[in-house]
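What follows is a set of notes on a single structure, which appears directly below.
Bear in mind these aren't lab numbers, they're just calculated from the coordinates by the rules spelled out. Everything quoted here is computed from the prediction, not taken from an experiment. Quick reminder, even Gly has a Cβ in these numbers, built from the backbone with ideal geometry, and neighbours come from all protein chains shown.
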Amino acid sequence: RKEVEQDPGPFNVPEGATVAFNCTYSNSASQSFFWYRQDCRKEPKLLMSVYSSGNEDGRFTAQLNRASQYISLLIRDSKLSDSATYLCVVPRGSNYKLTFGKGTLLTVNP
Amino acid sequence: DAGVTQSPTHLIKTRGQQVTLRCSPKSGHDTVSWYQQALGQGPQFIFQYYEEEERQRGNFPDRFSGHQYPNYSSELNVNALLLGDSALYLCASSLILHSRSYNEQFFGPGTRLTVL
């Protein structure tokens, strides 16, 4: 099993749609998880952190299922500006290496 | 407040050459990590520098080396370039806090290296 594995995508959705991305991880000792957003030819930026069962920030909800080693990101009422690649990230230690998934490309269409 | 800066933005080299990439961390940060992102892939951890020492390394050969200066800026050096080294090289900075909580890594815009 890969350290971090994401839905391959790409996802093409209309504005206003709800879309969910899934991610599985192999290290059962991992305590924290992150979703980063990366716009085309730009650097990754932290979108959400997940430390317990879940986290919600406006239209974005991240959920964690430790038993299944599974993380999800839900985007409600998609906007054109949500078009980007979403990267699932599992860090090792508090400041050590970030292990990234391959990323899932989302395109929101008008 | 300046964020993470990297130079150069783009670079073209030929196989066998050597390259040096530079990174200045976000103001107040003391730790620099380097990542390689090939096209269509997520970033892969190369190594991390703190207190001018490499403290963690990913699965990269010795051709990849680095340095951190007293002002916390960092360099990534790659020797004997291969075609497969073509990628976006990202630098990320953070502040080491002696706690168990995660300290966010902020990424620079990257250096796009093309090896011909």
Once the in-chain neighbours fewer than 8 apart are removed, the lysines whose Cα is under 22 Å from A:Lys79 read A:Lys42, A:Lys45
Averaged across A:31-38, how many Cβ atoms of other chains sit within 10 Å of each residue's Cβ atom?
2
Based on alpha-carbon atoms only, what is the radius of gyration of the protein assembly as shown relative to the globular estimate 2.2 N^0.38 Å?
1.02
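As a footprinting exposure proxy, order A:Arg37, B:Arg112 by other Cβ within 10 Å, with the fewest listed first.
B:Arg112, A:Arg37
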Surrounding net charge for A:Thr99, when Lys and Arg each add one and Asp and Glu each subtract one, Cβ distance under 10 Å
+2
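Report, as a whole number in µm² per second, the diffusion coefficient that Stokes-Einstein gives for chain A at 25 °C and 0.890 mPa s using the Kirkwood radius over alpha carbon pairs. All intermediate terms of the calculation are to be shown ahead of the outcome.
Numbers: Rh = 14.0 Å.
Stokes-Einstein gives a translational diffusion coefficient of 176 µm²/s.
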Can you pull out the cysteines in the protein assembly as shown that have no other Cys Cβ under 4.7 Å?
A:Cys40
Going from the fewest other Cβ atoms within 10 Å to the most, one would list B:Val19, B:Val32, A:Val90 as B:Val19, A:Val90, B:Val32
Most exposed first by the Cβ proxy, i.e. fewest other Cβ within 10 Å, how do B:Phe107, A:Phe60 rank?
A:Phe60, B:Phe107
Under 20 Å Cα to Cα from A:Lys2, which lysines show up? Leave out anything in the same chain fewer than 8 places away.
A:Lys97, A:Lys102
Among A:Asp82, A:Asp57, A:Asp39, whose mean-square fluctuation peaks in a Gaussian network model of chain A (Cα, cutoff 10 Å)?
A:Asp57
Amide H within-cut-off set for A:Asn12, under 5 Å, with H built and near neighbours excluded:
A:Thr107
